[in-house]
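The values are calculated or read from the model by the stated rules, or taken from the named source; none is laboratory data. Fair warning: this is a prediction, and the values are worked out from it, not measured in the lab. FYI the Cβ positions are ideal-geometry reconstructions off the backbone, even for glycines, and counts take in every protein chain you see.
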Amino acid sequence: MDYKKHVRIDLHIHSTASDGTLSPPEIISLAHSLNIGAIAITDHDTIDGSKEALTLDIPPSLKLLTGVEISASSNPSLPYTGSFHVLGYSIRLGDPVLNQTLDMLQDARRNRNPRIVKLLNKIGINFSLKDVADEFSEGQLGRPHIAQLMVKRGFVKSINEAFDKYLGTGRPAYVDKYRLDCGQAIEIILAAGGIPVLAHPFFLQIENKDRFENLIVNLKEMGLKGIEAYYPEHSPDLTAFYAEVANRYGLLITGGTDFHGSIKPDVKMGSGRGDLFVPYELYEELINS
């Protein structure tokens, strides 16, 4: 019997380098304690988490993939209404174009923070950006950190409430940010020797299956290599559908929890909400592609 059939992986994890609450050493330690076979630290628009992880003493039983999650936008031929993210695996962390691009995206994230706080102040939610920075000294500040401070100061009862009422798309304190065109995101990952994968397709909010397949055909032409089929928000039927589409078009299948630590306390590393199992063989297929 192949013991790896019973080993889970988690290829979608966020650290304190972006908006997670665990540092890379803490992530490695937790993954090892949970007997997870392989992980990827895929921070938003930064590879600092992966860079730090590679400096650590990683247990032999735990495999580590370098990773990133790039916020992207569609082009006019690929309409969608939801959130478009591209995961990049096995990237060369020293690639200059990748690093320059991520620096630009991080600047875009930083530049919108004061605008968000200003909008919150206008509606009576009073704190400064310095207050946020003092509370969260590590990583790049963003909406999840602002939401956490809102909870701590008693303006809302939960992070979800902060987003639902104030910080989410279309809400009073929402500020959009610059995103790469999805083709650019894929191209930059490929140029850095990486494997571009469409993250959590559920959040694209494409309900028509034919339209989704058309999107995948277009993205594959741009260089897409995989689909994140296993994800906490994907029902068994959706997981099966995304896996079927991936197989039909010769794409890799990946999966992960989108673990953020205490920001998303109901999502556990390796198991999501308790019912997610991403098989080890998907990691093997990914690294052998």
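The table below gives the values:
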{"quantity": "Restricting the range 115-163 to residues that are polar (S, T, N, Q) and at pLDDT 90 or above, the residue that is farthest from LYS177 (Cα to Cα)", "calculated": "ASN126"}
{"quantity": "Checking ARG8 against (1) charged (D, E, K, R); (2) in contact with a Ser or Thr (Cβ under 6 Å, 6 or more places away or on another chain); (3) farther than 29 Å from GLY168 by Cβ, the condition it does not meet", "calculated": "(2)"}
{"quantity": "Contacts under 7 angstrom Cβ, first residue in the range 116-138 being in a loop (DSSP other than H, G, I, E, B), partner exposed (fewer than 14 other Cβ atoms within 10 Å of the Cβ), 6 or more apart", "calculated": "ILE123/PRO172; PHE127/ARG153"}
{"quantity": "Qualifying residue in the range 217-240 (condition: over 16 Å from ILE13 (Cα atoms), at pLDDT below 95 and among the basic types (Lys, Arg))", "calculated": "no"}
